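Right, one structure below, let's go through it.
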Amino acid sequence: MTEKEINQIIEEEKIQKIIQEEDFHFSKGTEALQRWLSFSVSEQLKEDIIRLSSDYAQFQEIAEINPEIGKIKDILFEIISYCDIRAKEKHIYNRYDDKRCLAEASVRMGDWVAHLVKYKLVSKKETSPSVLNAIDYLLNPSENSPMLSEKMRESVSANFLGKSYSKEHFIANLKSFFSPYFLATKNPDNYTLLLANLVYNFQDEWKDEVIGLMVSDGTGWHEGELNLDRQYSGIIVWNSKKPSGGAKVLKFLSDKIKEGESFPLYVSSQNMVRYKIMVIDYALDQRELESKNWDKQKTKNYKPNFKDYVNGKLKASIVFLAESIEKLSPIPVSEFEFFDKHKAPTQDNLQPIRKTPPIEVLQNEKELMIQKNLNIPLNQIFFGPPGTGKTYHTINEALRVVGVEIKDKTRAEIKAEFDKKLMEGQIIFTTFHQSMNYEEFIEGIKPKIMDGEEEEQKLEYQIEPGIFKNLSIEASFNLAKSHMSKETEVTLDFSMMYERFIEKTEEQLLNNDSVELKTKSGGTVLLERISPQGNVVIKHPNGSREYIVSKARLTKLNTAFENLDEVNNIHDEFREVIGGSNSSAYWSVLNAIKQGHKGSKVKTEEKAYSFADKLEVVRKMTRKEFQTSSGKNFVLIIDEINRGNVSQIFGELITLIERDKRLGRDEELKVTLPYSGDRFGVPPNLYIIGTMNTADRSVEALDTALRRRFSFTEMPPVYDLPELDYEYSGVKASDLLKTINRRIEMLLDRDHLIGHSFFIKAKDEDPESKLIQCFYQHLIPLLQEYFYGDYAKIGAILGSGFIRKKEDDNQFHFASGFGNEGDRDRDIYQIEDYRGKQTDQAEKFQNAIRLLMNLPIDRGIDS
């Protein structure tokens, strides 16, 4: 470490922020901790909290149904969100925009909760060292350090400061070490944070410890365990070999566990690290396994006998208890540093790691967990008069729902993100109109021209899903994929098997090969062709009748009968599953598909699934799967929602969109759709955002059923925008808009105000050109519509500079024999148009603006 290196580091933006900050960098953490320490707790509640804090899973469950426990949970989770980068739901509880944290403490969430409770309600002496260090720092930052791990402090003292570690003297030694460099922070409470950041930057000089392990495993089983069911407190993972490095490496790992910390087990395949397993304990033999008491908590894959952890010829040499498995954005193995000259793992070797590159957890699951807990209404409508930014705000809100961070992004970047989500189908945009109906939105019978030669083309009518049903199935399917139950995996595997069977069959038919399939009775049937819908057409040898074998029914049979050899009476047993179809034909095709893929492993991620595949998966999902699965959020944006007949468009589904009626809820509801007969419900990860122009129809005029099921956010005109802070003819644009709207509200109502977006001027745009465009392309046409051509009222809003009464024309007469001369007394108005190129038009327009505002004008100009 040199002075030059220190100077380079302190110029970094992150470090400068610490140096220049006037407040304590973690003041929100201190506030949360003080709220907890001053929180009033009755004796009964104290007993309950102490008991629950020792069982993290039960603590969370009770917090959901008990408001007092729930409030304590929120305070504790907020404290932890400032202390540990791995804190659960950090993005919800951490109130800093940059989500800053003290450290990557690797303290288990349950231990954080337990020890924060012990500190307040039991004894400070029973608080673990890492948690106690965090508390001490937040309460007195100038005399403590955000380096929470005692092991880390020992390494820093011995290898960096050149001192024996002493908790009492650690801060003094740290300050003394850096004193020759004359470092300072604007707020003295941030000084030890600055020193800690400098120490982290030079960790190569002091850090020589095992921080985790790496194993090579390309089987991909981890994918199905990314979202651990809440009923489990952990999951068992084992390996056939112990870590390389023997007792020395195990000592590092056991010390972490004794301190209540966890360590990562990284999983690599094809030279890329793809998963991170957070290990909270391990056992090396039967004796250790029995001593762990893992059977007293609900642990997935737990077996009480060590020898039962086997897979074929492989037997466990070490068994890990993990709290989570995370999918990573792939990182080359070469970017990890291995401990004590060990190399990258091969096969089942467990290699110790001393340093990792920056780790990025893939966002999909994490974003959904964040969004599930955010207070975002499932159904909401932004309403207001024209030009108030309803659609603009809808784009921002939709991106927030799907987990896209838009802070610090330009509008072009935000729109690009929105367009990307539209292309991916995660956001769907539609507009209601007077001809929109149930058949277009939910499902209906629609005409379809079938493929074939031109003279053979024919029109058929099919049941087709509408916009809402399509998106509901997509959202539900995404939940199913994230959970990947056995039923889902079977359905998706079969879809892949079927597609490969079809590809192979079509190739045979193109080569004019005969495709014969065996029947259950030992005979054969001929596969005649593949229909345009992708179904199989079967004929008996020398027969003329064709039998259609559909993929949808084959999927049901495949799920029902894992082994076709066990089917005794195909007619009766098949009929129970798919009704009275040709059982022999179905058995023949299903048998051919299964035989063709016997022994091969299907990779379900290889293909884009059809709507029928997804529908079949969703049909099999249970309420529990909807409750526990994590996936992406989906958004349906309905522009101009009040222009359609909502009751007619939603039909019976209007009830299903309520939060407590969504799939997975205790009060979940499903309806039978009238055309397809499908049982249908709305998933919990589908959000509906509507916009409503109040100039077309007021909120009060909306269908009562719709109003009950949506939250409404008014979008009124905004006058204090920087883009309205420009002047023309001595008048500020914001004042001009405000004056016009006051007059409209007086003559009409607030539903017909003029939105700010019409007046917003680009940075380099000429004010005069902007206002002329605004008045003649937007403002005047809107007022003509609002007041049905009553120019006297329009004149009362815009003034005589824009609306002028025509002079009496003595030469005017009605046609001979018609008309009433008394009608000549009616006032006729005209709109003054200042868009011409005459030299005095600009001055006249300026005077018109001043007349509108009741300001004196330049009398030298004939306005």
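The values are calculated or read from the model by the stated rules, or taken from the named source; none is laboratory data. Since the model is a prediction, treat every value here as computed from it, not as a measurement. Reconstructed Cβ throughout: ideal geometry from the backbone, glycine too, with neighbour counts over all protein chains shown. Accessible surface areas use protein heavy atoms only, side chains included; no ligands, DNA or RNA. Shrake-Rupley method; radii C 1.70, N 1.55, O 1.52, S 1.80 Å.
Think of a 1.4 Å ball rolled over the protein heavy atoms: the range 7-70 then has 60 Å² of accessible area per residue.
Once all protein chains are placed together, GLU625 keeps about 10 Å² accessible to a 1.4 angstrom probe. Packing here is the average count of other Cβ atoms within 10 Å per residue, and on that basis the peptides 739-749, 438-448, highest first, run 438-448, 739-749. Figure note: TYR93, TYR392 ranked by solvent-accessible area, largest first, 1.4 Å probe, ligands and nucleic acids not counted: TYR392, TYR93. Annotation note: GluC sites (Glu not before Pro) in the range 142-218 located in DSSP loop regions with a Cβ neighbour count of at most 14 within 10 Å are GLU168. One decimal place: the segment THR559-GLU506 gains 16.6 nm when fully extended, by the rule 0.36 nm per residue minus the C-alpha distance. Around the Cα centre of the chain, unit charges on the Cβ atoms of Lys, Arg, Asp and Glu (plus for the first two, minus for the last two) sum to a dipole of about 2680 debye. Highest mean packing comes first when the peptides 77-86, 465-474 are listed by Cβ atoms within 10 Å, giving 77-86, 465-474. Here the range 1-48 is assigned +1 on the Cβ of each Lys and Arg and -1 on the Cβ of each Asp and Glu. Its dipole about the Cα centre then comes out at about 80 debye.
Rolling a 1.4 Å probe over the protein heavy atoms leaves THR622 with an accessible area of roughly 70 Å². A DSSP coil position with no more than 14 other Cβ atoms inside 10 Å describes the following trypsin sites (Lys or Arg not before Pro) in the range 225-264: ARG230. Computed over the chain, the convex hull of the alpha-carbon atoms projects to a mean area of 55.6 nm². The simple Förster model, with R0 at 35 Å and r as the Cβ-Cβ distance, assigns LYS163 and LYS343 a FRET efficiency of 0.55. Note on THR713 and ILE65: the extension gain reaches 230.4 nm, defined as 0.36 nm multiplied by sequence separation minus the Cα-Cα distance. Residue ranking by accessible heavy-atom surface, 1.4 Å probe, largest first, among LYS793, LYS120 comes out as LYS793, LYS120. Of the listed residues LEU779, LEU183, the order by accessible area with a 1.4 Å probe, largest first, is LEU183, LEU779.
Projecting the Cα atoms of SER145, ALA398, SER550 onto the dipole axis of the chain, where Lys and Arg carry +1 and Asp and Glu carry -1 at the beta carbon, places SER145 farthest toward the positive end. Between LYS17 and GLU5, full extension at 0.36 nm per residue minus the direct alpha carbon distance yields a gain of 2.5 nm.
The C-alpha radius of gyration of the range 644-800, expressed as a fraction of 2.2 N^0.38 Å, stands at 1.45.
Here each label is just a point 7 Å from Cα along the line to Cβ, and for GLU424 and LYS732 those points are 4.2 nm apart. The distance from the alpha carbon centre of the range 152-188 to that of the range 1-74 is 24 Å, rounded to a whole number.
Listed by chain and number, the lysines whose alpha-carbon sits under 21 Å from that of LYS28, ignoring those within fewer than 8 places in the same chain, are LYS14, LYS17, LYS71, LYS73, LYS88, LYS90, LYS99, LYS120, LYS186, LYS407. Dipole orientation for the range 85-143: of the candidates VAL122, VAL107, HIS91, VAL122 has the Cα lying most toward the positive pole (charges on Cβ; Lys, Arg +1; Asp, Glu -1). Per residue, the average separation of C-alpha pairs within less than 8 Å and at least 6 apart gives the range 729-798 a relative contact order of 29 percent.
When the helices of the chain are scored as -39500 (n - 2.57) per DSSP H run of n ≥ 4 and the total is divided over every residue, the value at 222 nm lands at -11000 deg cm²/dmol. Normalised by the number of residues in the chain, the average gap of Cα pairs under 8 Å and 6 or more apart makes the relative contact order 10 percent. Excluding same-chain neighbours fewer than eight residues apart, the aspartates and glutamates reachable from LYS251 by a Cα-Cα span under 12 Å are GLU209. Here LYS186 and GLU47 are evaluated by their C-beta separation; at R0 = 51 Å the FRET efficiency comes out at 0.65.
Direction-averaged projected area, Cα convex hull, the range 1-139: 9.7 nm², rounded to one decimal. Between the residues ASN227, GLN203, PHE306, the greatest Cα displacement towards the positive end of the dipole of the range 166-313, with unit charges on the Cβ of Lys, Arg, Asp and Glu, is found for PHE306. Keeping all protein chains in the complex and leaving out DNA, RNA and ligands, what accessible area do you get for VAL671 with a 1.4 Å probe, in Å² to the nearest 10? Approximately 30 Å² of VAL671 is accessible to the 1.4 Å probe.
Using only side-chain charges placed at the Cβ, +1 for Lys and Arg and -1 for Asp and Glu, the dipole size of the range 1-97 relative to its Cα centre rounds to 180 debye. Taken along its principal axes, the alpha carbon cloud of the range 85-203 reaches lengths of 41, 34, 23 Å, longest axis first.
Mean separation of Cα pairs under 8 Å and 6 or more residues apart, divided by the residue count, gives the range 666-752 a relative contact order of 18 percent. What the Cα convex hull of the range 211-278 gives, in volume per residue, is 104 Å³.
With all protein chains kept in place, the per residue accessible area of the range 203-329 amounts to 46 square angstrom at a probe of 1.4 angstrom. FRET efficiency for the ASP720 to THR672 pair, using the beta carbon distance and R₀ = 56 Å, is estimated at 0.60.
Over all projection directions, the Cα-based convex hull of the range 1-83 averages an area of 8.3 nm².
Given points 7 Å out from each Cα along the Cα-Cβ axis, report the TRP221 to ASN569 separation in nanometres with one decimal. So the label points at TRP221 and ASN569 sit 4.1 nm apart.
Between the range 711-743 and the range 209-241, the alpha-carbon centres lie 57 Å apart.
Ranked by the mean number of other Cβ atoms within 10 Å per residue, highest first, peptides 292-300, 406-414 order as 292-300, 406-414.
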